[in-house]
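Right, one structure below, let's go through it.
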Amino acid sequence: MHSSVARSLLIAALLLALAVAVVLTAISDSEMLALLGWLLVSVLFASGVVAWIHQRESNRLRRSLAMGLAHHLRTSLSHIQAFNEMLLLGSESSEEQRHEWLEVVGREAQRLGSSVENLLFVMQDREGREFPARRVVDLGLLLEDVACDHATLSNRPVDLDIAPGPDIVVVADPAALRHALGNLIDGATRTAREGSTISATAAADGSTASVVVLFDPVESAFGRGRWRLRDERLLHGATAEGLGLEFAVARQVARQHGGRAAWIHRLDHIGFRVELPLAIQ
């Protein structure tokens with residue numbers, strides 16, 4: 001919305017300049033000076049409005065990013081602290097329970113690391129990262145590998161249905177692409193309804209390769225609370241749950257590789273779609 005307003009202002013300024021150029025051919029010198037002065041003031045005003053809109057949007061994104069990251073860090077740290085204290089007190093009733101608690105600590109530590117990586121990624125990308133370390137990547141195999149890795153991090157009973165698709169080859173930075181797909185799988189496993197199935201599919205259509213991740217969200221997550229991901233504008237930053245941060249990283253990776261990422265909202269499922277150019281064979 002804000003970006004469309006800025007574009008409209010710029011277009012209006014250009015049309016105004018064109019109209020003034022036409023009028024200048026038919027007026028006196030004094031009238032010309034007055035008109036040029038008025039035009040200068042108008043352009044300066046429009047530029048100021050555009051700058052204000054851009055700054056306001058940047059501030060909103062920074063606040064959203066901070067909220068999402070803070071939620072991730074606070075949740076993981078509280079879990080680590082609670083289970084660590086129980087382990088130190090010897091509160092476990094069996095060796096099996098002790099092992100489960102240690103797994104929780106390890107899982108939350110990995111999530112902390114992932115949150116920090118996402119933040120570093122976003123900060124570094126402002127400097128114009130182009131992912132120079134590219135090579136041929138089998139997108140289906142990478143998706144299958146990433147999904148298996150992230151399934152072990154989930155502490156919620158959900159099923160993963162992976163359809164990797166054969167011979168879907170793209171030219172990409174494998175580490176960046178792995179990180180982007182991992183973000184989407186992790187976000188889905190964290191927010192899907194318990195007992196539901198998350199589907200992750202890799203496919204090719206013409207000159208485009210795509211990965212689609214669909215899941216059935218927890219009902220309260222998309223109610224009147226802090227989740228409002230149906231608003232596409234919120235995906236530029238982060239929601240209170242931090243999913244926007246993960247999507248923002250995935251979207252930036254896709255864009256840097258000549259593709260795009262989009263939010264999917266259907267009647268029965270929600271999810272993400274990432275598209276990349278197929279490698280020329």
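Considering each residue of the range 263-281, count those that are more than 18 Å from residue 181 (Cα to Cα) and either within 14 Å of the chain's Cα centre (by Cα) or free of Cβ contacts under 8 Å to residues at least 24 places away in the same chain (or both), and give that number. Of the residues in the range 263-281, 2 are more than 18 Å from residue 181 (Cα to Cα) and either within 14 Å of the chain's Cα centre (by Cα) or free of Cβ contacts under 8 Å to residues at least 24 places away in the same chain (or both).
Which residue, of 117, 95, 100, is closer than 29 Å to residue 202 by Cβ, surrounded by fewer than 16 Cβ atoms within 10 Å (Cβ to Cβ) and at pLDDT 75 or above? Result of the check over 117, 95, 100: 117.
The C-beta contact set for the range 67-85 (first residue among the β-branched types (Val, Ile, Thr), second residue in a helix (DSSP H, G or I), distance under 6 angstrom, 6+ apart or interchain) comprises 80/105; 80/108.
The values are calculated or read from the model by the stated rules, or taken from the named source; none is laboratory data. All of these numbers come straight from a predicted model, not from anything done at the bench. With ideal geometry, Cβ positions are generated from the backbone for all residues, glycine too; neighbour counts draw on all protein chains shown.
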